[in-house]
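Engineer: The following block contains the structure, expressed as structure tokens.
The values are calculated or read from the model by the stated rules, or taken from the named source; none is laboratory data. These figures come from a predicted structure and were not determined experimentally. A quick note on method: Cβ atoms are made from the backbone with ideal geometry, for glycine too, and the neighbour counts reach across all protein chains shown. Keep in mind that these areas ignore ligands, DNA and RNA; they rest on the heavy atoms of the full protein, side chains included. Shrake-Rupley method; radii C 1.70, N 1.55, O 1.52, S 1.80 Å.
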Amino acid sequence: VEIHAENHPDATHVCQDLRQANWTLLPLHDLLLASPSCQGFSPARGKDRPRHDAERATAWAVVDAVECCRPAFFAVENVPEFARWVLYPAWTAAMNALGYALRPYLVDAADHGVPQNRVRLIVVGSKSKHPIELDLPKRAHVGAESFVDFGAGQWSRVVDKAPNTIRRIRSGRASHGDRFVMPYYGSGSGLTGRCLSRPIGTITTKDRWGVVDGDRMRMLSVPEAKQAMGFPTHYRLPEQRVPAMRMLGNAVPPTVARDFVHAIKEAA
């Protein structure tokens, strides 16, 4: 909240348990944007635990807000697995009962010019008989070369890395040459990483992507991750690396949000 307030000083921040929120206090609005907690839906959560039920329950706060405020439109962002939630049919039925037609969009941020393959679900609701069809832009993909700075960062020698890391680097070199990006953990992008002409893979809340340059490598820096998410260079983040990466990994690329807001406005 402190960081958001620094970047958006005119925004009003209300810190409250969503189950106790008084939606009548919201100002009149035409469009409600919501991002319920995704940790309970994402496969990255691992084994399902009791806390995930509470996280999934935040989706019902959107229904409460819509029922109270009745905006003309709403847009709900989450991971694609949100649509496979056992209560998703009940959630959509509740929105339908309130008089809203729903249209789900599966969106890759790379299609909006963000230099990152980041697939998310955005459910658009409209107070209409039929769902609205948005005319979303389709932009050319931008590669990781647009933000990776080989003259910056703290590098280490490849020979000092663990055997599995060295094996990935060797495979990446065979496919992409001396310079490429690779996942430091996880199975995404396989063993060969990605060439710099492609968008990077999803920026997560923890350091995941490494940059390889010949016999040296380092992790993706915060400024690089910020650009990979589509945030402007002047956008403020915590000085500490861990909270900065966590915020970036949890964010919605601003370009994607902007495109949806503009498309909804045009459709209205």
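Engineer: Could you tell me what percent of the accessible area of segment 215-268 is made up of carbon and sulfur, with a 1.4 Å probe and every protein chain present? Don't jump to the answer; show the numbers that get you there.
Structural biologist: On the way: 1530 of 2840 Å².
Exposed carbon and sulfur together represent 54 percent of the surface.
Engineer: Name the residues whose placed amide hydrogens come within less than 5 Å of the amide hydrogen of V79, ignoring near sequence neighbours (fewer than 5 apart) on the same chain.
Structural biologist: Those lying under 5 Å, H to H, from V79 are L121.
Engineer: Now, a different point. Please compute the net charge surrounding F150, taking Lys and Arg as +1 and Asp and Glu as -1 over other residues with Cβ under 11 Å from its Cβ. Walk me through the numbers on the way to the answer.
Structural biologist: Numbers: positive: R179, R216, R218; negative: E145, D149, D178, D213, E224.
After counting each charged neighbour, the total is -2.
Engineer: If you don't mind, another one. Carbon and sulfur atoms: what percent of the 1.4 Å accessible area of segment 70-157 do they account for?
Structural biologist: 54 percent
Engineer: While we're here: Which order do R246, R51, R216, R19 take by accessible area at a 1.4 Å probe, largest first?
Structural biologist: The most accessible residue leads, giving R19, R51, R246, R216.
Engineer: Something else now. Looking at the square roots a ≥ b ≥ c of the eigenvalues of the Cα gyration tensor of segment 25-121, which shape do they give, rounded for a/c under 1.5, prolate if a/b is larger than b/c, or oblate?
Structural biologist: Note, shape of segment 25-121 comes out oblate.
Engineer: So how far apart, in nm, are the two label points at D149 and Y185 if each is 7 Å from Cα heading toward Cβ?
Structural biologist: 2.7 nm
Engineer: Taking a probe of 1.4 angstrom, what is the accessible area of L196 in Å², to the nearest 10?
Structural biologist: Per-residue accessible area (L196): approximately 20 Å².
Engineer: Now a separate question. Relative to the longest principal Cα axis of the chain, at what angle does helix 88-97 sit, 0 to 90 degrees, rounded to 10?
Structural biologist: 40 degrees
Engineer: Please tell me the relative contact order of segment 79-236 in percent, rounded to the nearest whole number, where contacts are Cα pairs under 8 Å and at least six residues apart. The partial results should precede the final answer.
Structural biologist: Details: 262 pairs, mean separation 34.4, N = 158.
This gives 22 percent for segment 79-236.
Engineer: Given a 1.4 angstrom probe, what's the average accessible area per residue across segment 111-197, in square angstrom?
Structural biologist: Per-residue accessible area for segment 111-197 comes out at 55 Å².
Engineer: Based on the mean of other beta carbon atoms within 10 Å per residue, what is the order of 3-15, 141-153, most packed first?
Structural biologist: In decreasing order of mean packing, 3-15, 141-153 become 141-153, 3-15.
Engineer: How high is the FRET efficiency from C15 to T233, r the C-beta distance, R0 30 Å, rounded to 0.05?
Structural biologist: Efficiency, from the Cβ-Cβ distance: 0.55.
Engineer: Where in segment 220-236 does the label zone of E6 land, with the point 7 angstrom along Cα→C-beta and an amide N cut-off under 11 Å?
Structural biologist: 235-236, by backbone N distance to the label point.
Engineer: As an exercise, identify the trypsin sites (Lys or Arg not before Pro) in segment 96-179 lying in DSSP coil whose Cβ has no more than 10 other Cβ atoms within 10 Å.
Structural biologist: Qualifying residues, ordered by number: K129, K138.
Engineer: Still on this structure, I have one more. Please go through the residue pairs K138/K206; K161/K206; K206/K265; K226/K265 and name each one whose alpha carbons sit more than 24 Å apart in this structure. Before the final figure, lay out each step's value.
Structural biologist: Details: K138/K206 29 Å; K161/K206 19 Å; K206/K265 35 Å; K226/K265 27 Å.
Result: K138/K206; K206/K265; K226/K265 exceed 24 Å.
Engineer: Arranged from highest to lowest average of other beta-carbon atoms within 10 Å per residue, in what order do the peptides 90-96, 60-66, 131-137 appear?
Structural biologist: 60-66, 90-96, 131-137
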